[in-house]
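Undergrad: Structure provided below as structure tokens; questions to follow.
Read-outs throughout are calculated quantities, based only on the coordinates presented, and are distinct from any laboratory measurement. These figures come from a predicted structure and were not determined experimentally. Note: ideal-geometry Cβ built from the backbone for every residue, glycine included; neighbour counts use all protein chains shown.
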């Protein structure tokens, strides 16, 4: 699946964490502090290892370099997820961190959009939002309450973050 993006046109890319940014299905169930145990791995204080998806850092660097706005959309305990982001040294890539202990990602996205409007004076349309998640369970509420955002299911529509860069690159047309 390729998404048409006009040259020089910035997007809001909203990225899920559990199962998407890393392989663990519920980071909130772990016990910080986390420590690095490899280039792409951290472990909690009980030794549970969480692996970062390969090429995620490349994707985040590409997105920021292309002028896109990056946000997390994560159903988690903020403190635990944020500690994992810091342990992976990823927290600085995101402009907005929407990490909340409930499943209503539409409400999280609405708050991010309001924050962008208030801080940057920019009104982002649903067609300028790309939502990346390994599951499609939240997309109906997002479409109903935000609008027809572009949804990319990680692991299905794209298998890795290098494919996601290709899918979102302006030179790709469908």
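Undergrad: To the nearest 0.05, how large is the calculated FRET efficiency for residue 135 and residue 86 if R₀ is 25 Å and r is the Cβ-Cβ distance?
TA: Efficiency at R0 = 25 Å is approximately 0.50.
Undergrad: Continuing with this model, one more query. Sort 162, 72 so the one with the fewest other Cβ atoms within 10 Å of its own Cβ comes first.
TA: Starting with the residue having the fewest Cβ neighbours, the order is 162, 72.
Undergrad: Order by neighbour count: 74, 28, fewest other Cβ atoms within 10 Å first, most last.
TA: Ranking 74, 28 by Cβ neighbours within 10 Å, fewest first, gives 28, 74.
Undergrad: Expressed in nm to one decimal, what extension gain is obtained for the pair residue 79 and residue 35 from 0.36 nm per residue of sequence separation less their Cα-Cα distance?
TA: Once the chain is fully extended between residue 79 and residue 35, it gains 14.3 nm.
Undergrad: With a 10 Å Cβ neighbour count serving as the proxy for reagent exposure, in which order, fewest first, do 23, 134 appear?
TA: If I rank by nearby Cβ atoms, fewest first, I get 23, 134.
Undergrad: Follow-up question, since we're still on this one. Picking from 35, 107, 159, which is most flexible by a Gaussian network model of the chain using Cα springs under 10 Å?
TA: In the Gaussian network model the winner is 159.
Undergrad: If each DSSP helix of 4+ residues adds -39,500 (n - 2.57) and the sum is divided by the residues in the chain, what number results at 222 nm, nearest 500 deg cm²/dmol?
TA: -8500 deg cm²/dmol
Undergrad: Measure nothing but the geometry: give the 0 to 90° angle between the long axis through the Cα atoms of 56-65 and the longest principal axis through the Cα atoms of the chain, rounded to 10°.
TA: 40
Undergrad: Taking the chain as the reference, fit the longest principal axis to its C-alpha atoms, fit the long axis of helix 78-87 to the helix C-alpha atoms, and give the angle between the two in degrees, 0 to 90, nearest 10.
TA: That works out to roughly 80 degrees.
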